[in-house]
Amino acid sequence: MLKVGLTGGIGSGKSAVSAELAGYGAVVVDADAIAREVVEPGTPGLAAVVGEFGAEVLAPDGSLDRARLGEIVFADEARLARLNAIVHPLVGERSAELMELAREWGAPVLVYDVPLLVENGLEPLYDVVVVVDTPDEERVRRVVRTRGMDPEQVRARIRAQADRETRLAAADLVVDNSGTREQLTERVARLWDELLSRAA
């Protein structure tokens with residue numbers, strides 16, 4: 001089974017690439033989805049986050065107010081590091097469980113979709129690192145359009161992640177997503193062929 005680390009900064013289109021790879025038959029382990037799962041109401045993860053940041057990060061229904069938490073941690077590197085120290089080990093444990101299931105299913109390609117792959121030095125865990133690359137200002141425009149975020153908040157999140165050059169330096173394969181969705185679809189088709197040939 002070929003283990004693929006898929007990464008890209010906020011607004012790069014990494015999730016679109018991951019969804020298309022799943023459509024081809026890859027088993028996708030989504031770190032963002034797991035990060036949400038480990039802080040759902042009633043979990044030890046949520047209790048630890050509230051213990052660190054206070055009840056102000058809770059929504060009225062008792063779930064995590066991710067937007068409020070984001071405002072706090074993306075403005076303060078030390079607080080972001082404390083959040084990561086809570087969430088990342090929990091994500092790692094759950095990811096390992098899902099990877100083991102994929103191995104049991106006999107999947108030829110396992111894609112681990114992780115935004116902070118480069119930031120956390122996770123490259124050695126994968127056979128291939130794929131980076132979805134998009135110019136920074138295009139990423140800002142996309143996130144403002146799709147999520148309604150303030151442009152400066154988007155730029156703060158971009159600054160909190162690895163810069164474009166660092167991410168590209170870690171890549172074995174790069175998917176250029178500076179163009180149209182149709183162009184991206186064609187590039188993912190070529191990527192899938194390449195991954196299958198490496199898996200063989």
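Assorted remarks:
- With DNA, RNA and ligands ignored, accessible area of D127 (1.4 Å probe; Å², nearest 10): 90
- Label-to-label distance for H88 and A47 is 2.4 nm, based on points extended 7 Å past Cα in the beta-carbon direction.
- Inter-label distance for E137 and L125, nm, one decimal - labels placed 7 Å from Cα along Cα-to-Cβ: 3.5
- Estimated dipole of the chain in Debye, rounded to 20 [Cβ of Lys and Arg +1, of Asp and Glu -1, Cα centre]: 280
- When region 1-61 is described by a simple charge dipole with +1 on each Lys and Arg Cβ and -1 on each Asp and Glu Cβ, the residue from G51, A35, G8 located farthest towards its positive end is G8.
- Tensor-based shape of region 20-100 (alpha-carbon gyration tensor, a/c under 1.5 rounded, otherwise prolate or oblate): prolate
- Modelled spin-label separation between R159 and E104, with each label point placed 7 Å from Cα along the Cα-to-Cβ direction: 4.6 nm.
- Counting DSSP beta bridges with both ends in the chain, the antiparallel % (nearest 5): 5
The values are calculated or read from the model by the stated rules, or taken from the named source; none is laboratory data. Keep in mind the model is a prediction, meaning the values are calculated, not measured. Don't worry about glycine lacking a Cβ; one is built from the backbone with ideal geometry, like all the others, and counts go over all protein chains shown. In case anyone asks, the SASA skips ligands and DNA or RNA and just uses the protein heavy atoms, side chains included. Shrake-Rupley method; radii C 1.70, N 1.55, O 1.52, S 1.80 Å.
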